[in-house]
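A short write-up of the structure that comes next.
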Amino acid sequence: MIELRPFDSLGSANHGWLDAHHHFSFAGYHDPARVNWGSLRVWNDDTIAPGTGFPTHPHNDMEIITYVRKGAITHRDSLGNEGRTEAGDVQVMSAGSGVRHSEYNLEDEETQIFQIWIIPSERGGEPDWGARPFPKGDRAGKFVPLASGAANDDDALPIRTDARVLGATVKAGESVTYTPSDASRHLYLVPATGKVKVEDVEARARDGIAITQHASVTITALEDSELVLVDAA
């Protein structure tokens, strides 16, 4: 099964400082057909105005992965962590038994992020946060694990769930193939930039493609493309 979810079909809310688009039901947007995709619960496409952001608020029992597409996001939390994550890099917060945090765009330009929430394998546990720069060249023509609960993804940021978040860059006319551990896995692909084709389905930047019951998936770039893929139970 391959289902295209065009960007224009997503739920949305423009708060002035925040222009948010929701691949899955979130806040005031509810679609019973788009509540989750396996353990993938949230994929928000957020544009945050300069000098604004999300004030301190709580989370628990969720793995929250932020992929920065443009600009940078500055994180502070009740654990004493503080960090700035730039475009192309990733931060992970394991909310565990509970944590409070804020996320601000302290830059002079808009910041654009994908915020991805994945349901953890177990509830509770000590909360944690981490961020990591990923050399962009490492993603050329292949998927690289950015955050992962898989045992062998040693270079990825750890998450407490049976899922992987991967990134790739693919030049126009070239292809990249991803093979999940089992065809029953729930894959969700979003081009951050560019245009791609998966079998006979074409997707533009910020469209979503939900995929399952495929032993492998080949993505062909119709334009130079930056890809983010979630592989979830």
Every residue from the stretch 22-49 that is more than 26 Å from Gly149 (Cβ to Cβ) and assigned to a strand (DSSP E or B): Tyr29, Thr47, Ile48
Unique match (being at pLDDT 95 or above, on the phi < 0 side of the Ramachandran plot and of a type outside the set (Phe, Trp, Tyr)) among Asp162, Asp138, Asp154: Asp162
Subset tally (residues that are touching a residue at least 12 places away in the same chain (Cβ under 8 Å), more than 24 Å from Ser94 (Cα to Cα), part of a loop (DSSP other than H, G, I, E, B) and acidic (Asp, Glu)) for the stretch 160-210: 3
Every pair of residues 6+ apart whose Cβ atoms lie under 7 Å, when the first sits in the stretch 16-39 and is on the phi < 0 side of the Ramachandran plot and among the acidic types (Asp, Glu) while the second is at pLDDT 95 or above and part of a loop (DSSP other than H, G, I, E, B): Asp31/Ser25
Residue check for Glu82: more than 18 Å from the chain's Cα centre (by Cα) and either crowded, with 18+ Cβ neighbours inside 10 Å or without any contact (Cβ under 8 Å) to a residue 24 or more places away in the chain (or both): yes
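Matching residues to (1) surrounded by 14 or more Cβ atoms within 10 Å (Cβ to Cβ); (2) in a loop (DSSP other than H, G, I, E, B):
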position: Ile116; (1), (2): yes, no
position: Pro120; (1), (2): yes, yes
position: Arg123; (1), (2): no, yes
position: Trp129; (1), (2): yes, no
position: Phe134; (1), (2): yes, yes
position: Asp138; (1), (2): no, no
position: Leu146; (1), (2): yes, no
Test: residue in the stretch 30-38 that is under 21 Å from Arg204 (Cα atoms) and in contact with a strand residue (DSSP E or B) (Cβ under 7 Å, 6 or more places away or on another chain): yes
Residues satisfying the stated conditions in the stretch 24-49, i.e. under 26 Å from Asp77 (Cβ atoms) and open to solvent by 60 Å² or more (accessible area, probe 1.4 Å): Ala27, Gly28, Asn36, Arg41
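The values are calculated or read from the model by the stated rules, or taken from the named source; none is laboratory data. Just so it is clear, the model here is predicted, and its values are computed rather than measured. So basically every Cβ, Gly included, is an ideal-geometry build from the backbone, and we count neighbours across all protein chains shown. Side chains included, ligands, DNA and RNA excluded: accessible areas come from the protein's heavy atoms. Shrake-Rupley method; radii C 1.70, N 1.55, O 1.52, S 1.80 Å.
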